[in-house]
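The values are calculated or read from the model by the stated rules, or taken from the named source; none is laboratory data. Nothing here was measured: the structure is a model prediction, and the numbers come from that model. Cβ placement follows ideal geometry from the backbone for every residue including glycine, while neighbour counts extend to all protein chains displayed. Please note that ligands, DNA and RNA were not included when accessible areas were found on the heavy atoms of the full protein model with its side chains. Shrake-Rupley method; radii C 1.70, N 1.55, O 1.52, S 1.80 Å.
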2 protein chains.
Amino acid sequence: MSELASEPLTQREPWYDQADTGLAGAGRVTVLSRADVRRCLAAVDPVAVVRQTLADHDRGESLLPAEAYLRWENSQGAYTRSIGMPGAVGPHHGMKIINASVSNPAAGLERAGGLGLCFDAETARVTTILEAGLLSAVRTAAVSAVGVAATGYSGAGSLAVVGCGAQGRMHAALLTRELPGLRTVSLYDHDPAVARRLADLLARDDLVVTVHDTARDAVTAGEIAVFTTTADKGYVTPAWARPGALLVNVSLGDLADETFLDAAALYVDDLDLVADNPRRPLGRLMGDGLVTRPGDDTAKPIDATLGGLLTGRYSSRGVARPHVVLNPFGMGVLDVALYGAVAAHARHEGLGSTVDLG
Amino acid sequence: MSELASEPLTQREPWYDQADTGLAGAGRVTVLSRADVRRCLAAVDPVAVVRQTLADHDRGESLLPAEAYLRWENSQGAYTRSIGMPGAVGPHHGMKIINASVSNPAAGLERAGGLGLCFDAETARVTTILEAGLLSAVRTAAVSAVGVAATGYSGAGSLAVVGCGAQGRMHAALLTRELPGLRTVSLYDHDPAVARRLADLLARDDLVVTVHDTARDAVTAGEIAVFTTTADKGYVTPAWARPGALLVNVSLGDLADETFLDAAALYVDDLDLVADNPRRPLGRLMGDGLVTRPGDDTAKPIDATLGGLLTGRYSSRGVARPHVVLNPFGMGVLDVALYGAVAAHARHEGLGSTVDLG
């Protein structure tokens, strides 16, 4: 900077300062930490928000554009990625940014984390930044819970959870609360200690919780089997499923192709999201023409979307043999709806901190 | 909560709290306001960062996935949108979120604003949140400045700026600094007061600055003409251009189709970004088969990318008649590189504030 100091300041002001228009910039933004989000959740029922938003989405009252997807390998060669998912429903506009590296848990970090953003509907300004990891896991489990009810499995007496990390814990904690007739929970994790920790968490007088030695033993015990692993290849064949079971494929892989193709009923959250993503088995099967959209009987059609079941546009087939598959993709607009509900409560209660972005 | 209060607390802890894994969440994030970013820019040369990153991109050393794009109309019926642009180059990974509503300036707000995010390359965690509006405008002007030099127009004596808002001011402030032979600046804005404010800003003993009554008068006066408007339809025909002029199409519209098709040379920042976006004229012309990629002479080929000119993979045609067109799309990876440089300096100087997302 020394060579500039001898010049008149008015001439030497940096060019980017000269360009200032005098209009207001980004301004003040509310920041909600995970603790703030948690406090808001005491007043916001995420299952109700998810149920409502799935129905709104089915009625065409949402915007759900394609996501932005950046992937790379970190220095350990681990799959690492960032996904940006904008969406809008009702008065809520926003974006979910959810990043992950598969090497995070070994380093003591949650696999996935990121930010939720709320936008002002008039100006598009960012109004709120939220910790997104908790709500992402809450939303994912809430979709499965809504799906279990909408597909006709609320009466299940047995639940299997394969993969007992953050998502598995969230699913188990919610479903053991939501299923009044539940009597047994069967757990499997490739790390038995992780499964045992979840078993301890679920301990309840009226519930028999078993940690199994194999994934198949766990799956076979469940009228509902939830897959919350990091598997990227299918290994669960139809023979694993208890007759009439609901297989909830939350993670990427787990279910073998024939388990989709042999299902008595096939449910998803959003047809376009599933069809547009060949990285996941069901999208690949649609791309190959082996699975089709509802009503298209040229191959194996998807039976319904969850939103369509909720609005009555489709009917559930109920408990059906050989098995039923629910395969949510993950709709960012559900997170955006949760962000809106949480941010409204935070505003009402004066929760969170404020940063002035200028 | 009253119905829950009578139950044992251990049984009634919310389900989403039971699901906690004990792994570390989002953690602490540095927040850089516009003032912080401005202070960092005193030590970071954005034109040099943009030049380097364009060359890195040409050498395939970057990741630039498709953007996520959400658009809606606000209550005034104004076009309102959010764009999420992830990208990576060298050690820098991040995302630009840039939102805008065309009704913002009338409400006293900058049209566009948003957040820049830096990600940890190992964990994908968000490490820094920056005010993105200033760097977005700086980046856009820097691309034009690099483009003026790379296409052979550094010797220009006259500059026209059509559209004198934030982008026009930024371009004028930078280009009047970067072009040593500049003697005249011609300005036009549909609001004459806005053009006059920019003229006042540019006042310098060795520069004749004129506010014109029509866009055509301004354009015709410039060896370089920069378009930084909100026009969404082409109106600048080849007859407007001074012979041999460089037309820099920063905004969406402005240039009529024949002005692209008749150009002696056509330059862009990224071929895929331009081709994939039919909302902008050049993408539409490519979609219609009227403009093709470099070396494809079945129609009017694009001559080169800016990065290709910088690495020497392509050669510039220099000043050429009837006119030359530079049409950058806007590469989020350039912003990400700037975020990385700014965040590194902020870390070094201890600038910014910290929020703990938990």
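Scanning segment A:100-141 for residues being surrounded by fewer than 22 Cβ atoms within 10 Å (Cβ to Cβ), part of a loop (DSSP other than H, G, I, E, B) and either modelled with pLDDT of 95 or more or not basic (Lys, Arg) (or both) gives a total of 6.
Looking across segment B:324-351, just one residue is open to solvent by less than 40 Å² (accessible area, probe 1.4 Å) and on the phi > 0 side of the Ramachandran plot, and that is B:330. Here residue B:27 clears all of (1) open to solvent by less than 40 Å² (accessible area, probe 1.4 Å); (2) modelled with pLDDT under 95; (3) on the phi < 0 side of the Ramachandran plot except the condition numbered (3).
Do we have residue A:75 as under 23 Å from residue B:62 (Cβ atoms), within 8 Å of chain B (Cβ to nearest Cβ), under 18 Å from the mean Cα position of the chain (by Cα) and not charged (D, E, K, R) here?
no
For segment B:117-126, the condition of being more than 7 Å from chain A (Cβ to nearest Cβ) and touching an Asp or Glu at 6+ places or on another chain (Cβ under 8 Å) holds for none of the residues.
When B:252, B:247 are checked against the criterion of being of a type in the set (A, V, I, L, M, F, W, C) and in a loop (DSSP other than H, G, I, E, B), B:252 stands alone in meeting it.
Looking at segment B:142-239, the helices (runs of 4 or more DSSP H) lying wholly inside it that each contain 2 or more residues that are surrounded by 22 or more Cβ atoms within 10 Å (Cβ to Cβ) and not aliphatic (A, V, I, L, M) sit at B:166-178.
Consider segment A:44-66 and keep the residues that are open to solvent by less than 40 Å² (accessible area, probe 1.4 Å) and not hydrophobic (A, V, I, L, M, F, W, C). The one that is nearest to the other protein chains (Cβ to nearest Cβ) is A:65.
Only a single criterion out of (1) assigned to a strand (DSSP E or B); (2) under 26 Å from residue A:266 (Cβ atoms); (3) open to solvent by less than 30 Å² (accessible area, probe 1.4 Å) is not satisfied by residue A:69, namely (3).
Within segment B:79-89, the presence of at least one residue that is of a type in the set (D, E, K, R), open to solvent by 10 Å² or more (accessible area, probe 1.4 Å) and not assigned by TED's automatic domain parsing to the domain that holds residue B:305 is confirmed. Taken over segment B:336-358, the criterion of being under 16 Å from the mean Cα position of the chain (by Cα) and either among the hydrophobic types (A, V, I, L, M, F, W, C) or more than 28 Å from residue A:34 (Cα to Cα) (or both) is satisfied by B:336, B:337, B:338. Taking first residues from segment A:10-26 that are more than 7 Å from every other protein chain (Cβ to nearest Cβ) and partners that are modelled with pLDDT under 75 and surrounded by fewer than 18 Cβ atoms within 10 Å (Cβ to Cβ), the Cβ contacts under 7 Å between residues at least 6 apart in sequence or on separate chains come to A:12/A:4. May I ask you to verify whether residue B:84 is modelled with pLDDT under 95, at the interface with chain A (Cβ under 7 Å from one of its Cβ atoms) and at negative phi? No.
On the basis of being over 25 Å from the mean Cα position of the chain (by Cα) and closer than 19 Å to residue B:193 by Cβ, does residue B:230 make the cut? When the stated conditions are applied, residue B:230 does not pass them.
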